[in-house]
Amino acid sequence: MRIGFIGLGHMGGPMAANLLKAGHAVTAFDLVPAALDAAKAAGATLAASPRAAAEGAEVVITMLPAAQHVKAVYLNDDGVLAGVAKGVPVVDSSTIDPATAKLIGEAAAKQGNPFADAPVSGGVVGAQAGTLTFMVGADEALFETLRPVLSGMGKNMVRCGETGTGQIAKICNNLLLGISMIGVAEAMKLGETLGIDPAKLASIVNTSTGRCWSSDTCNPYPGIVETAPASRDYAGGFGADLMLKDLGLAVDAARGAKQPVFMGALAQQLYQSMSQQGLGGLDFSGIIKLYAKNSGAQ
Ligand code: NAD
C-alpha cells in the first residue's frame, strides 16, 4: 500500500520503518532534516510538505507532538487535507485532546475522507519492536480497513468507539497510570521510613490488593524490579514530561466536561514539580524523588 507518513520522531520514525519492513511504500515528511535522513535510509521516499506526502497516498498517518501541530499539519494550505485524494483514510496517532480529534475528523469528513484517531501505548520500545497497542476511534468499516496497515506497527488494535474515543481511552489510562505510580512511590517511601525492607514490602504488595503495573512491573523503588527504569537511575522509559502532557490533556478535558478529577489534578501538580526540578526527562517513576528529605536527590 502507498502510505503518507508525517512526523518521524521517537515514535513515528520506527513506526514508518516498520511499515517499510512490512512491504508498504512510504512517502514521509518531517520538519527535521535528521529525521528525514533516517527515513530515507530506511527506504522511504521523501516529501516536501504534508500535502505532498498525502498526494497519491492510499492511507495517511500522522505522529506529531501535540494538538497545535496536528491542526497545522492537517488544515494548513500545504496540509494533509489539501493533498489527499477523496475517500482516502487519514489516521492521527499522536496523543491529543479528544475535541481536536473530533475537529480534524469533521474537517476530513467534509471533503470525503474518513478519519480515525489512533493513539498508541507501548512507548519507543514498542514502536521499534512493532508491538504497539492502537486505541482507535473510528466506525467499524474504517477500523477493518485500517487493521492490516496498523498491524505493520502494532500487535493489538482496539476499536474504542466513534471519532475521539481512542484519545479518551488513552488519556483515561494515563490518568490512572500517573496516579497509581504516585501511590506506589508514596507507599514504598513510607514503608522504608517506618523500617520495613523495601523488597519485602514490594513482594507483599504484589501478592496483595495494592498490586498494579506500577508496583509489579515498573516499581519506582530502585532495585525492586531489575528491568524497571528505577534500577537504572530512571533513564529511558516514559518521560515525566510526557506524563505531565497527558495529565494536562485529561485535566483540560475534565474541565470542559465539568467532571472533577481530584487525584488527576494533584498528580499533574506533582509531575509539574518534578519537571520544575529539572527531572522531567527521567522516567515518570522518578516521582519517588519528591518524597526524599532533600527533594531532587533521593
Ligand atoms: P517527537 O517529538 O520525538 O516526534 C514528533 C515529530 O514530529 C518530530 O520529529 C517533529 O519534527 C515532527 N513535527 C512537528 N511538527 C511538525 C510539522 N508541522 N510537520 C512535520 N513534522 C512535524 O515525539 P514522539 O515521542 O515521537 O511522540 C509523538 C506522539 O506520540 C506524541 O503525541 C506523544 O505524546 C505520543 N506518544 C509518545 C510516546 C513515547 O514514549 N515517546 C508513547 C506513546 C505516545
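Among the residues making up region 1-28, those that are within 6 Å of the ligand (Cβ to nearest atom) and either among the aliphatic types (A, V, I, L, M) or part of a strand (DSSP E or B) (or both) are Ile6, Leu8, Met11. Within region 208-219, the set of residues being surrounded by fewer than 17 Cβ atoms within 10 Å (Cβ to Cβ) and either basic (Lys, Arg) or touching a residue at least 60 places away in the same chain (Cβ under 8 Å) (or both) comprises Arg211 only. Only one of Leu146, Leu103, Leu150, Leu81 is under 28 Å from Ala254 (Cα atoms) and aliphatic (A, V, I, L, M); which? Of Leu146, Leu103, Leu150, Leu81, the one residue that is under 28 Å from Ala254 (Cα atoms) and aliphatic (A, V, I, L, M) is Leu103. Residues that are part of a strand (DSSP E or B), of a type outside the set (Ser, Thr, Tyr) and over 20 Å from Lys71 (Cβ atoms) within region 29-58 comprise just one, Leu46. Applying the set (1) near the ligand (Cβ under 9 Å from one of its atoms); (2) closer than 21 Å to Thr95 by Cα to Ser49 leaves exactly one unmet item: (2). Just one of the numbered conditions (1) within 9 Å of the ligand (Cβ to nearest atom); (2) in contact with a helix residue (DSSP H, G or I) (Cβ under 6 Å, 6 or more places away or on another chain); (3) closer than 22 Å to Thr131 by Cβ is not true of Ile96: (3).
Out of Val90, Val26, I need the residue that is closer than 21 Å to Thr163 by Cα and touching a residue at least 12 places away in the same chain (Cβ under 8 Å). Which one? Spell out how you get there, then give the answer.
Working: Val26 fails: closer than 21 Å to Thr163 by Cα.
Only one candidate qualifies: Val90.
For every residue, the table says whether it meets (1) closer than 20 Å to Ala17 by Cα; (2) in contact with a Leu (Cβ under 7 Å, 6 or more places away or on another chain).
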| residue | (1), (2) |
| --- | --- |
| Ala42 | yes, yes |
| Thr45 | yes, no |
| Ala53 | yes, no |
| Gly56 | yes, no |
| Pro65 | yes, no |
| His69 | no, no |
| Asn76 | no, no |
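In region 198-207 there is no residue matching the filter, namely being within 30 Å of Ala101 (Cα to Cα), crowded, with 16+ Cβ neighbours inside 10 Å and outside the structural domain of Val124 (by TED's automatic domain parsing).
The values are calculated or read from the model by the stated rules, or taken from the named source; none is laboratory data. Source: prediction; values computed, not measured. Glycine gets a Cβ as well: all are built from the backbone with ideal geometry, and neighbour counts include every protein chain shown.
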